[in-house]
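Notes follow the structure.
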Amino acid sequence: MMNDKTLPKIAKGTLPIIGVTKVKQVEEASAEKITVEDVIAGFSEGAVKNTARLAFAEQLFQEAIRLGMELNTKYHTPEEIRKIMTLLTGKKIDGTFRMFPPFYTDFGKNIQFGKDVFINSGCHFQDQGGITIGDGSLIGHNVVLATINHDLNPKNNRKNHYASIKIGEHVWIGSNATVLSGVEIGDWSVIAAGAVVTKDVSAYTVVGGVPAKIIKTIDKETGGY
């Protein structure tokens, strides 16, 4: 059973140093007072390379892996899951949040959950570009939210490009769906199981397929089609 001593105490914008690698860069990050917000800003297009910021980002990646292992390899009560997710995201998780592990993310600090959100088992959130999930949304088994794209030009050596995923309120994303970077999904929309969403989805719309296309629209008043 988890207790407060099994997890690190993380102040806002800071993280305890883990491991002994890259000691010089870590010391530089501390001297420059690099924060989580600085790391997130570093994912923006045109951000100037900063060795200290990259070193601190690596710490955050490793911390996400460690917390993921804690979450996924033993039983936790719903309250304990919310505590781990608070540490993983760096934000207070609402008491209405529900999750069935396992859950995977390689960063965690750029995820924002609304109230009464449910995450089913096996989901993968690649959140460097930012993931926002609105109130009352349901995320099905094995859903992938991927905010990183890679450059197609060989001269750029598969450079990362980041863009946020914004999921509105009361959205239902079916099992095994994938949502790609830069996509916005409107309120009360439905993503069919197995869909690959490459473009924005309007509110009150059902989409499905690869790539996802409109299947039907939902009447706002009656719920009919």
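Take residue 23 and tell me if it is at pLDDT 50 or above and either over 25 Å from residue 77 (Cα atoms) or touching a His at 6+ places or on another chain (Cβ under 6 Å) (or both). Taking the combined requirement at face value, the residue does not satisfy it. Of the residues making up the range 124-166, those that are assigned to a loop (DSSP other than H, G, I, E, B), more than 23 Å from residue 61 (Cα to Cα) and in contact (Cβ under 8 Å) with a residue 12 or more places away in the chain are 134, 135, 136, 137, 140, 141. I'd like the residue in the range 98-117 that is free of Cβ contacts under 8 Å to residues at least 40 places away in the same chain and over 20 Å from residue 73 (Cα atoms) and, out of all such residues, is most open to solvent (accessible area, probe 1.4 Å). Here the answer is 115. Taken together, 92, 83 contain a single residue that is within 18 Å of the chain's Cα centre (by Cα), touching a residue at least 40 places away in the same chain (Cβ under 8 Å), more than 22 Å from residue 183 (Cα to Cα) and open to solvent by 50 Å² or more (accessible area, probe 1.4 Å), which is 83. Among the residues of the range 149-189, the ones that are open to solvent by 30 Å² or more (accessible area, probe 1.4 Å) and among the hydrophobic types (A, V, I, L, M, F, W, C) come to 5 in all.
Out of all the residues in the range 43-55, is one or more modelled with pLDDT under 95, out of contact with any strand residue (DSSP E or B) (no Cβ under 8 Å at 6 or more places or on another chain), open to solvent by 40 Å² or more (accessible area, probe 1.4 Å) and acidic (Asp, Glu)? So far as the range 43-55 goes, no, none of its residues is modelled with pLDDT under 95, out of contact with any strand residue (DSSP E or B) (no Cβ under 8 Å at 6 or more places or on another chain), open to solvent by 40 Å² or more (accessible area, probe 1.4 Å) and acidic (Asp, Glu).
The values are calculated or read from the model by the stated rules, or taken from the named source; none is laboratory data. On a predicted model such as this, the values are computed, not experimentally measured, just so you know. With ideal geometry, Cβ positions are generated from the backbone for all residues, glycine too; neighbour counts draw on all protein chains shown. With ligands, DNA and RNA removed, areas are computed over all heavy atoms of the protein, side chains included. Shrake-Rupley method; radii C 1.70, N 1.55, O 1.52, S 1.80 Å.
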